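Trainee: Input: one structure, supplied below.
Values in this text are rule-based calculations from the coordinates and carry no lab data. It should be emphasised that the depicted structure is a prediction, and the values quoted were computed from it without experimental measurement. Here Cβ is always computed from backbone atoms with ideal geometry, including for glycine, and neighbour counts include all displayed protein chains.
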Amino acid sequence: MSPGNSKSKSRFDGKIITDELAGSISRVEELAYILKVSDVMTSDIFSLHPENTMDDVMASMREHQISGLPITDTKNKKLLGLISTEDLIRALANHDESASISKYMTSDLVTVNSYDFLTEALKQFARTKVGRLPVLDVKGHLTGIITKGDVNNGLLNALQKDYQEEEVRRYRASHLFEDIESDRTSLLLRYDIKHLDFTHGGTASSNIKRALLRLGANPQLARRLGIAIYEAEMNLIIHTNNGGSIHVEIEQQQINAYIWDDGPGIADVEQAMKPGFSTATDDIRELGFGAGMGLSNISRCVDKMNLQSELGKGTHLSLQINLKREDSVGESYPKNK
Amino acid sequence: MNVQELIQLIDGRLLTPDCNLDREINGGCSADLMSDVLAFIQPDAVLLTGLCNPQVVRTAQMSDIAAIVFVRGKTPPPETINLASDEGIPLISSPYGMYELSGRLFKAGLPSLEMPISN
């Protein structure tokens with residue numbers, strides 16, 4: 001029922017949406033393709049019938065504080081026309097207030113469907129310059145009115161909801177420890193890391209950092225643990241035979257992380273800990289890693305670190321961060337300032 | 001300086017249109033070695049780099065980096081851009097080299113946020 005989509009106003013119209021173009025679609029534009037007209041329209045609408053008079057129109061506009069209203073068939077809810085303040089002014093200018101609505105109403109109507117995406121309504125607003133569009137349901141009956149204000153409110157509400165969802169998640173997670181009672185509660189996060197999986201490298205540490213922030217940890221602490229785990233995660237990707245595992249146990253007072261693999265193991269742990277020592281190949285260095293800073297960097301980020309390794313057997317790294325301490329080890333560097 | 005002002009200063013091209021351009025930048029750091037970045041960068045820095053893989057974004061996310069500038073007009077692959085969009089980290093490509101860019105930013109009042117080595 002929406003005539004003339006040909007002259008449309010979306011800047012994507014008629015273009016094939018390539019990856020590059022898709023990257024430039026804003027969240028608002030995305031929402032216009034997700035929200036339906038029925039999500040934002042006003043459905044509690046007041047309507048009159050063709051045989052009512054222009055006097056009735058004036059009274060209704062005053063009473064409901066509206067500047068336009070739909071005219072429907074008396075028997076069914078079929079939409080017959082629309083009457084606006086301009087139509088009313090024409091009638092008043094002619095001293096013709098007692099005339100029936102059918103004489104002044106606009107019956108050549110642009111409508112949208114309740115099941116259309118919001119973008120369809122936006123197109124019609126841009127094309128026709130009208131301020132309101134009647135909305136029809138599946139059967140073609142009037143079910144609501146949509147104005148530009150409705151569209152704005154709908155989009156703003158949806159954006160607000162996006163934002164609130166993250167807030168709610170954060171709120172729920174941050175109360176986890178208070179809400180669950182035990183003698184000692186801990187949350188265990190487990191991740192399996194694949195050897196040479198550079199594409200997903202950092203996903204585990206990223207999720208761990210996000211989890212900590214949602215749990216209400218202070219951002220400095222989340223940063224410290226994030227960096228430590230990220231270095232360890234990259235070590236599993238670069239320096240193992242079969243990848244390895246990361247377990248992070250979060251308690252209210254402390255966080256323990258265990259990172260282990262089954263080989264090849266480190267020949268000289270003390271040497272490996274020295275800043276700048278590295279066994280990484282040129283390929284790895286090209287990826288920006290292998291500077292020999294990993295282990296010393298990890299130890300700077302955590303409160304306790306224990307590295308056990310045996311050639312041919314594997315490596316076991318355990319890290320501890322104490323949640324009571326406010327100052328961050330990584331940030332206090334250099335210490336003599 | 002915020003991200004928007006940074007883009008103007010370096011004739012940059014924003015690769016992640018949805019990111020928050022009001023985010024404040026407190027200083028800078030230039031590096032191609034991500035381990036160096038992880039070890040020595042302080043929060044809210046702009047990172048100048050020639051490295052284009054997704055690990056740059058992961059590193060930025062872990063280190064609370066405010067924006068990433070790719071030097072010498074480099075454009076990272078889609079997986080890097082997508083990851084940055086998801087994580088809300090602005091990616092900018094600038095035609096200038098790393099030395100020129102570091103100089104411009106330093107002159108504009110952005111200090112080094114790379115901690116010196118103490119021993």
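Trainee: Test of the criteria: in the stretch A:86-157, which chymotrypsin sites (Phe, Trp or Tyr not before Pro) are in a DSSP loop and have at most 16 other Cβ atoms within 10 angstrom of their Cβ?
Mentor: Passing both the DSSP loop test and the Cβ count: A:115.
Trainee: Additional query: How high is the FRET efficiency between residue B:74 and residue A:159 when r is their beta carbon distance and R₀ equals 30 Å, given to the nearest 0.05?
Mentor: 0.35
Trainee: Okay, next question. Applying 1/(1 + (r/R0)^6) with R0 = 22 Å to the Cβ-Cβ distance of residue A:190 and residue A:323, what FRET efficiency is obtained, to the nearest 0.05?
Mentor: E(calc), rounded to 0.05, equals 0.60.
Trainee: Sticking with this one: Full extension from residue A:126 to residue A:251: what is 0.36 nm times the residue separation minus their Cα-Cα distance, to one decimal in nm?
Mentor: Length gained between residue A:126 and residue A:251: 39.5 nm.
Trainee: Something else about it: Only sites in a loop by DSSP and with at most 15 other Cβ atoms within 10 Å count here; which GluC sites (Glu not before Pro) in the stretch A:192-265 make the cut?
Mentor: Listed in order of number, the matching sites are A:251.
Trainee: Between residue A:106 and residue A:152, what is 0.36 nm times their sequence separation minus the Cα-Cα distance? Round to one decimal in nm. Let's see the in-between values first.
Mentor: Values: separation 46, 0.36 × 46 = 16.56 nm, distance 2.58 nm.
Working it through step by step, the gained length comes to 14.0 nm.
Trainee: Over chain B, what is the relative contact order in percent, taking alpha-carbon pairs closer than 8 angstrom and at least six residues apart?
Mentor: Dividing the mean separation by the residue count of chain B yields 33 percent.
Trainee: Something else about it: Which whole-angstrom value gives the distance between the alpha carbon centres of the stretch A:289-321 and the stretch B:72-119?
Mentor: Each part's Cα centre sits 28 Å from the other's.
Trainee: Separate question: Per the Kirkwood treatment, what hydrodynamic radius in Å, one decimal, follows for the stretch A:59-116 from the mean inverse distance over all distinct Cα pairs?
Mentor: Final number for the Kirkwood radius of the stretch A:59-116 is 12.6 Å.
Trainee: Using a basic spin-label model with each label point 7 Å from the Cα along Cα→Cβ, how many nm lie between residue A:271 and residue A:89?
Mentor: Once both label points are built, they end up 9.0 nm from each other.
Trainee: Continuing with this model, one more query. If each of residue A:199 and residue A:64 carries a label point 7 Å out from its Cα toward its Cβ, how far apart are those two points in nm?
Mentor: 5.6
Trainee: Taking only the alpha carbons of the stretch B:23-98, what extent do you get along each of the three principal axes, in Å, biggest first?
Mentor: Result, largest extent first: 27, 26, 24 Å.
Trainee: In debye, nearest 20: dipole of the stretch A:37-177 around its Cα centre with unit charges on the Cβ of K, R (+) and D, E (-)?
Mentor: 380
Trainee: How much length would be gained if the chain were fully extended between residue A:169 and residue A:138, taking 0.36 nm per residue of separation minus their Cα-Cα distance, in nm to one decimal? Intermediate results must be reported in sequence, preceding the final value.
Mentor: Values: separation 31, 0.36 × 31 = 11.16 nm, distance 3.67 nm.
Extending this stretch completely gives an extra 7.5 nm.
Trainee: What Kirkwood hydrodynamic radius, in Å, does the protein assembly as shown give when the mean of 1/r is taken over all pairs of distinct Cα atoms and then inverted?
Mentor: With all distinct Cα pairs of the protein assembly as shown included, I get 26.3 Å.
Trainee: Here is a follow-up. Compute the helix-to-body angle for A:118-128: its Cα long axis versus the longest principal axis of chain A, expressed 0 to 90° and rounded to tens.
Mentor: With both axes taken from Cα atoms, the answer is about 40 degrees.
Trainee: So, one more: Would you mind computing, in nm to one decimal, how far apart the modelled labels at residue B:11 and residue A:313 are, each placed 7 Å from Cα along Cα→Cβ?
Mentor: Those two pseudo-labels are separated by 6.0 nm.
Trainee: Let me ask something additional. Report, for chain A, the % of DSSP beta bridges that are antiparallel, rounded to 5. Could you put the intermediate results ahead of the total?
Mentor: Numbers: 43 of 46 bridges.
Given both bridge residues lie in chain A, the antiparallel proportion sits at roughly 95 percent.
Trainee: What is the magnitude of the charge dipole of the stretch B:3-107 about its Cα centre, with +1 placed on the Cβ of each Lys and Arg, -1 on the Cβ of each Asp and Glu, and no other charges, expressed in debye to the nearest 20?
Mentor: Roughly 340 debye for the stretch B:3-107.
Trainee: A 26 angstrom limit on the alpha carbon distance is what I want to check against. Which of A:78/A:148; A:161/A:209; A:77/A:161; A:75/A:123 exceed it?
Mentor: Numbers: A:78/A:148 23 Å; A:161/A:209 23 Å; A:77/A:161 34 Å; A:75/A:123 32 Å.
From A:78/A:148; A:161/A:209; A:77/A:161; A:75/A:123, over 26 Å: A:77/A:161; A:75/A:123.
Trainee: Filter the trypsin sites (Lys or Arg not before Pro) in the stretch B:1-99 to those in DSSP coil with at most 14 other Cβ atoms within 10 Å of their Cβ, and list the result.
Mentor: Sites meeting the loop and neighbour criteria: B:72, B:74.
Trainee: May I ask what percent, to the nearest 5, of DSSP beta bridges between residues of chain B are antiparallel?
Mentor: Here the share of antiparallel DSSP bridges comes out near 25 percent.
Trainee: Near residue A:135, within a Cβ-to-Cβ distance under 13 Å, what is the net charge of the other residues, with Lys and Arg +1 and Asp and Glu -1?
Mentor: Working: positive: A:36, A:77, A:132, A:139; negative: A:39, A:44, A:116, A:120, A:137, A:150.
Neighbourhood net charge equals -2.
Trainee: Find the centroid of the Cα atoms in the stretch A:98-155 and in the stretch B:13-60, then give the distance between the two in whole Å.
Mentor: 47
Trainee: Give me the angle, in degrees from 0 to 90, between the Cα long axis of helix A:54-64 and the longest principal axis of the Cα atoms of chain A, rounded to the nearest 10.
Mentor: 30
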